[in-house]
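These notes are about the structure you will find just below.
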Amino acid sequence: MNNKRKEIIENAYTSHRESMRRSLNSRLEAARTNGNDKLVKQLEAEAKYLHL
């Protein structure tokens, strides 16, 4: 694979992970604000599974 293509793939991967992290953090904040402890635990487990 040429270097430019590899760089594009790595940038896409990084952007995707960052997007998932932001989304998960937003969902966690909303769950905590609403006092939804069950959802908080599920989202924390998701973050651990995804290594975020």
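Descriptive notes on the structure:
- For residue 12 and residue 51, the difference between the fully extended length at 0.36 nm per residue and the C-alpha to C-alpha distance is 12.3 nm.
- Between 9, 50, 26, the Cα set farthest toward the positive side of the dipole of the chain (charges on each charged residue's Cβ, about the Cα centre) is that of 9.
- The chain: radius of gyration and largest Cα-Cα distance (Dmax), Å: 15.0, 49
- Simple Cβ-charge dipole of the chain, Lys/Arg +1 and Asp/Glu -1, about Cα centre, in debye nearest 20: 120
- Calculated from backbone phi, Karplus (6.51, -1.76, 1.60) coupling profile of region 40-52 in Hz, x at Gly/Pro: 4, 4, 5, 5, 5, 5, 4, 4, 5, 4, 7, 6, 9
- Rounded to the nearest 10 degrees, the angle from helix 3-33 to the longest Cα principal axis of the chain is 10 degrees.
Taken together, the values in this text are just the output of simple stated rules run on the coordinates, not laboratory data. Model, not experiment: these values are computed from the prediction. Here the Cβ is made from the backbone with ideal geometry for all residues, glycine too, and neighbour counts use every protein chain on show.
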